[in-house]
């Protein structure tokens, strides 16, 4: 958390953790549960609505899951389609672009929603202009 100073860096860290859990854990559900539990308190502390966390782990964990050949989703795709994940990877634009888009949203403040008491956070810490406009 020392490196995740801004909302964008927190979302980037969540995406990186989800994708790493996808590769190492070999299971889509682990790539959702582990980062969601790891970062839930930090999202609450920063007064971010939980749907930001939910969207982030879905975009990084669920969407990217079929791209990992040894993951259960990648193995299912291979068994069903008879095509390896590396073969169809160039054609699954949504799975590739979703993590990138959520990171861009995090750094720009687009679609990032804050809790009801987030207006008080403006006095407590400096928010970017995009974050202030979102309020």
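Per the listing 19, 1, the residue uniquely touching a residue at least 12 places away in the same chain (Cβ under 8 Å), in contact with a helix residue (DSSP H, G or I) (Cβ under 9 Å, 6 or more places away or on another chain) and assigned to a helix (DSSP H, G or I) is 19. Could you grab me the full set of residues in region 56-88 that are surrounded by fewer than 19 Cβ atoms within 10 Å (Cβ to Cβ) and within 30 Å of residue 109 (Cβ to Cβ)? Correct list: 58, 62. Has region 22-33 got any residue that is free of Cβ contacts under 8 Å to residues at least 24 places away in the same chain and either buried (at least 20 other Cβ atoms within 10 Å of the Cβ) or outside any helix (DSSP H, G or I) (or both)? Checking region 22-33: not a single residue is free of Cβ contacts under 8 Å to residues at least 24 places away in the same chain and either buried (at least 20 other Cβ atoms within 10 Å of the Cβ) or outside any helix (DSSP H, G or I) (or both). Selection of region 90-120 for residues being touching a helix residue (DSSP H, G or I) at 6+ places or on another chain (Cβ under 9 Å), closer than 19 Å to residue 44 by Cα and either modelled with pLDDT under 60 or not in a helix (DSSP H, G or I) (or both) yields 109, 110, 111, 112, 113, 114, 115, 118. Selection of first residues in region 89-102 that are without any contact (Cβ under 8 Å) to a residue 60 or more places away in the chain and of second residues that are buried (at least 16 other Cβ atoms within 10 Å of the Cβ) and part of a helix (DSSP H, G or I), restricted to Cβ pairs under 6 Å at least 6 apart or on distinct chains, gives the following pairs, ordered by first then second residue: 89/67; 95/67; 98/59.
The values are calculated or read from the model by the stated rules, or taken from the named source; none is laboratory data. Remember, it's a predicted structure, so these values are computed and weren't measured experimentally. Virtual Cβ from ideal backbone geometry, glycine too; neighbours counted across all protein chains shown.
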